[in-house]
1. Among all residue pairs at least 6 apart or on different chains, which show Cβ distances below 9 Å where the first residue, located in the stretch 47-66, is of a type in the set (Lys, Arg) and the second is open to solvent by 60 Å² or more (accessible area, probe 1.4 Å)?
2. What residue, among those in the stretch 129-145 that are free of Cβ contacts under 8 Å to residues at least 60 places away in the same chain and outside any loop (DSSP other than H, G, I, E, B), is surrounded by the fewest Cβ atoms within 10 Å (Cβ to Cβ)?
Amino acid sequence: MMYSKTAVAPAGLPVRPGAQPSVTDGVPHIQLDQTSDADVFRRLVDLAFSDERVTQAPSRASLPGALALTVTPGGTARDEAMIVGREFGHIHRQPGAGSLHLRLPVRDAADVVDRGWGEPHPFALSGSAPGMVLVYAPRSGADLEVVGAIVGSAIDYATSRGTPVK
């Protein structure tokens, strides 16, 4: 399975089935239940890093063990899409296995929240990181398809109309 590399707009997202997971109130911002099992987690990681515009690295913005989605060196990066350095998102291991923090255009982030696939990061609520969302961990293959589309949108946003990254 591969997401579209032609900007799948979160506005086309279905409503997420089931109850919202429990999440911490502050920072660290962590999903507490409804996390990915080992197979779905592995498939999420494979999917997120299957795009040549993305490189895996240790996160500089999350808890130890989180996998950063970074713009590949030499690629273009949109400054306002970055969390820190070239990192525009990360996948949590434990706790919160499979949940992600991503930067999206503000309208797309609102669509992710409105359709129940995530919630604003506290830094987005404070205005210091507009468009930053916690995307809930995929629980199944069907969830993974939707989360993959959201990741694809974050990649497109992070790598469009940017400047070369060293």
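The values are calculated or read from the model by the stated rules, or taken from the named source; none is laboratory data. This is a predicted model, so every value here is computed, not measured. We place every Cβ from the backbone using ideal geometry, glycine too, and count neighbours over all the protein chains shown. Each accessible area value is taken on the protein alone, full model and side chains, heavy atoms only, with ligands, DNA and RNA left out. Shrake-Rupley method; radii C 1.70, N 1.55, O 1.52, S 1.80 Å.
1. Qualifying pairs under 9 Å: Arg53/Lys5.
2. Ala142
This table checks each residue for (1) buried (at least 19 other Cβ atoms within 10 Å of the Cβ); (2) touching a residue at least 60 places away in the same chain (Cβ under 8 Å); (3) in contact with a Gly (Cβ under 9 Å, 6 or more places away or on another chain).
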{"site": "Ala97", "(1), (2), (3)": "no, yes, no"}
{"site": "Gly127", "(1), (2), (3)": "no, no, no"}
{"site": "Val147", "(1), (2), (3)": "yes, yes, yes"}
{"site": "Val151", "(1), (2), (3)": "yes, yes, yes"}
{"site": "Ile155", "(1), (2), (3)": "yes, yes, yes"}
